[in-house]
Structure formats: C-alpha cells, structure tokens
1. Compute the Rg to Rh ratio over the chain from the alpha carbon atoms, using the Kirkwood formula for Rh, and round to two decimal places.
2. Counting only protein heavy atoms and a 1.4 Å probe, tell me what percentage of region 18-62's accessible area is made up of carbon and sulfur.
3. Roughly how many Å² is the accessible area per residue of the chain, as a whole number, for a 1.4 Å probe?
4. For the chain, calculate the relative contact order in percent as a whole number, restricting contacts to Cα pairs under 8 Å that are 6 or more residues apart.
5. Residue farthest toward the positive end of the dipole of region 9-76, with Cβ of Lys/Arg at +1 and Asp/Glu at -1: which of Leu20, Leu69, Val59?
6. For region 18-62, build the convex hull from the C-alpha positions and give me its volume per residue in Å³.
7. Taking 7 Å along the Cα-to-C-beta vector as the label spot, tell me the Met1-Leu65 distance in nanometres, rounded to one decimal.
8. Can you give the angle from 0 to 90° between the axis of helix 79-96 and the longest principal axis of the chain, with both taken from C-alpha atoms, to the nearest 10?
Amino acid sequence: MAALEKATGDAVFKFEPFVLHVLCQELQDAQLLHSVAINAGFRNSGITVGRGGKIMMAVRSTHCLEVPLSHQGKLMVSEEYIEFLIQVANRKMEENA
C-alpha cells in the first residue's frame, strides 16, 4: 500500500499462470503432449513450429489475473479489494501447483 500511495503512474496487479515449454523431436510427440495438456485442464496450450523446424509445445494454464490498481498516481481501488485480489492470486498459485 505504501508503494501504491507513492506511485505517480499506473500500477497493475498481475498474476501469470504456469507455463512449461517442451522442445519436441517429432510433431506427433508435440500433438500427444498437447492432447494430454488440454485434457488435464491446461486450455491455453499450443504447438509452435519455428522456421528451422524446431517444434515447441507450450503447456499453459488459464489462471491469469490482471487488474489495474492506480491510474496516473490515483489509487482506483480500496485496500480491502487489494487484499481480496491477493487471496484470489494465492488460490490461483495453489491451483498451478
């Protein structure tokens, strides 16, 4: 709260979900891993094939959270709401585990 009170710009509370990047030897390996990840609830997962043929499978969770707290130095939410956001983010962190 002390840092927010001193802020002169915009402040955002941000929670980034779990991400695991796996380099796959074959496209079929990436497709299998993708199916497993989706079925396990990691709905933002995907496959990327680079120019050199590198096959990367990203396992991503959907547990993200991004909330503006202040704008141009003015606090836009209450301390109670920030405490609530922390509780929500902590639950998301537990879900990541």
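1. So for the chain, dividing Rg by the Kirkwood Rh gives 1.17.
2. Carbon plus sulfur share of accessible area: 54 percent.
3. 71
4. This gives 37 percent for the chain.
5. Looking along the dipole axis, the top candidate is Leu69.
6. Looking at region 18-62, the number lands at 53 Å³ per residue.
7. With each label point 7 Å from Cα toward Cβ, the separation is 1.8 nm.
8. Tilt relative to the chain: about 20 degrees.
The values are calculated or read from the model by the stated rules, or taken from the named source; none is laboratory data. All values derive from a computational prediction rather than experimental measurement. Cβ sites come from the backbone with ideal geometry, for glycine too, and all protein chains shown count toward neighbours. For accessibility, only protein heavy atoms count, side chains too; no ligands or nucleic acids. Shrake-Rupley method; radii C 1.70, N 1.55, O 1.52, S 1.80 Å.
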